[in-house]
Amino acid sequence: MKKITVRLLALVLSCVCSMSLLPAGMLVGSAAVKTPIKTKGTIYTEKEIATCRTNVKKYNWASATKNSYCASADKMIANGIDFYYLLMSSNEVWRSYYVSETNGCPNCGLDVYDYGNKYNIDFVNKPFKITCPACSMVFPTNDFESYYKSGLDEHYVFNPQKANKQYLKNVSYPEKGEYWGVDDGTGVVIGGTRYTVIGWYTNQAWSHIYGVLNTLKFAYLYSGEQKYATFGIAILSRIADLYPTMDPYYEKLYKEFVASNGGNAGYGKIKGRIDEAVYFGLFADAYDAFFYGFNEMAEKTSQEVYSFLQKRSPFIIKTTDDIKINIEQNLILQCYPNILLRNICGNMGY
Ligand SMILES: [Zn+2]
């Protein structure tokens, strides 16, 4: 019953969001929250952060660690915040942790098992494409990136009804037929078998995002450079924008969409409920690590990313406190109710 009520609320919210902006703390159906709850860093205290940055100046091993995180984080920032917001797709772009659990690759079948049933991905240079390591064929065969972008609203929420169907044609291997290997997000269907190509790509994209968030977190903690906090806060805010409406209901429509949910289809949020337990710790950890970076979020050096975040959020973000409220109400405080709903349910030890 509780699960149905929360899903109903999420549905109502997604409808309301598409019509008008809501205050950042208004999600759970009650009056809008006007003040952030968190007042200081508690996982990473000011004293600990100061010690860390002193050590970076003092010891080679510490500065080498800092340099390593910052070099990786700089490459991520160079991709631009728009790139990552597009990668963090809304619930309507489904997730799956196999392209096919039992049938392998849409072209070479079980040969891909020699590679762990995993495909190659290059998020930057080959967006929304996966390459089979066994037969080298690239899927999907249609221009899904254009299809996806054509269906986005101003908040980067994907609406398949709005998306341009002209992009649902095989343009990679015309000799195979006009619709062979085409994926509209619900999978490639060949000979009655469904291969969740975009589902797997999206699932991997979310894993990638968590890695990005973790790298930015350490780059900021070690260096204190605002650019890392600004970028990380924008990513965390986007996750909060989407989190309440994330619901893998589609696993009940198509059994080929699978997640780490212990065999119980439909449980989880962004990913399956087992993965969810692992990643939720990162959300709270990152919020704490970036906490002292909110002060400069509205300053000139952060303006471009801050303005982008404000424009894309379905919530009213007028101040940096609104970003904190968004992250707290729509992400951090979603943890406990979703544990009760068994949407967050880790393996033993998590
Ligand atoms: Zn293959």
Remind me, relative contact order of the stretch 110-195 in percent, using alpha carbon pairs under 8 angstrom and six or more residues apart?
20
At a 1.4 Å probe radius, carbon and sulfur cover how many percent of the accessible area of the stretch 78-179?
48
By how many nm would the segment from T102 to S307 lengthen if fully extended, with 0.36 nm per residue of separation less the alpha-carbon distance?
69.3 nm
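Determine, from the Cβ-Cβ distance of D153 and N79 and an R0 of 25 Å, the FRET efficiency 1/(1 + (r/R0)^6), rounded to the nearest 0.05.
Using R0 = 25 Å, I get an efficiency of 0.65.
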Report the trypsin sites (Lys or Arg not before Pro) located in the stretch 239-271 that are in a DSSP loop and have at most 10 other Cβ atoms inside 10 Å of their Cβ, or state none.
K255
Quick one, could you list the DSSP H helices from the chain stretching 27 Å or more along their long axis (Cα atoms) with average Kyte-Doolittle hydropathy of -0.5 or above?
197-223
Expected 222 nm ellipticity per residue - DSSP helices of 4 or more, -39500 (n - 2.57), all of the chain, to 500:
-14000 deg cm²/dmol
Note to self: C-alpha centroids of the stretch 131-195 and the stretch 57-84 sit apart, in Å, by 34
Using +1 at the C-beta of Lys and Arg and -1 at the C-beta of Asp and Glu, which of Y228, N261, T320 has the Cα lying farthest in the positive direction of the dipole of the chain?
T320
Distance in nm between pseudo-label sites at D285 and E178 (7 Å out along the Cβ direction from Cα)
5.1
If each of N295 and T39 carries a label point 7 Å out from its Cα toward its Cβ, how far apart are those two points in nm?
1.6
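May I ask you to derive the relative contact order of the chain, considering only C-alpha pairs under 8 Å and at least 6 residues apart, and to give it as an integer percent?
About 23 percent, as a whole number.
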Of P106, Y167, A73, which is farthest along the charge dipole of the chain in the positive direction, counting Lys and Arg as +1 and Asp and Glu as -1 at C-beta?
A73
Each label sits 7 Å from Cα toward the beta-carbon; between T65 and K255 the label points are separated, in nm, by 4.8
Unit charges at the beta carbon, dipole of the chain: most positive-side option, N343, H208, M137
N343
If you put +1 on each Lys and Arg Cβ and -1 on each Asp and Glu Cβ, how big is the dipole of the stretch 110-195 around its Cα centre, in Debye rounded to 20?
80
Quick check for me: using +1 on Lys/Arg Cβ and -1 on Asp/Glu Cβ, what's the dipole size of the chain about its Cα centre, in debye to the nearest 20?
660
Using a 1.4 angstrom probe on the protein heavy atoms only, line up H155, H208 by accessible area, largest first.
H208, H155
Top of E175, E48, E296 by mean-square fluctuation, Gaussian network on the chain, Cα under 10 Å:
E175
Accessible solvent surface per residue of the stretch 110-195, calculated while the other protein chains remain in place, 1.4 angstrom probe, Å²
51
Total charge dipole magnitude, the stretch 273-350, about the Cα centre, Cβ charges on Lys, Arg, Asp, Glu only, Debye to nearest 20:
280
Considering only R273, R312, R53, give the residue with the highest GNM mean-square fluctuation for the chain, with springs between Cα atoms whenever their separation is below 10 Å.
R53
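The values are calculated or read from the model by the stated rules, or taken from the named source; none is laboratory data. All values reported here derive from a predicted model rather than from experimental measurement. A quick note on method: Cβ atoms are made from the backbone with ideal geometry, for glycine too, and the neighbour counts reach across all protein chains shown. For the accessible areas, the whole protein counts, side chains as well, though only heavy atoms, and no ligand, DNA or RNA atoms are used. Shrake-Rupley method; radii C 1.70, N 1.55, O 1.52, S 1.80 Å.
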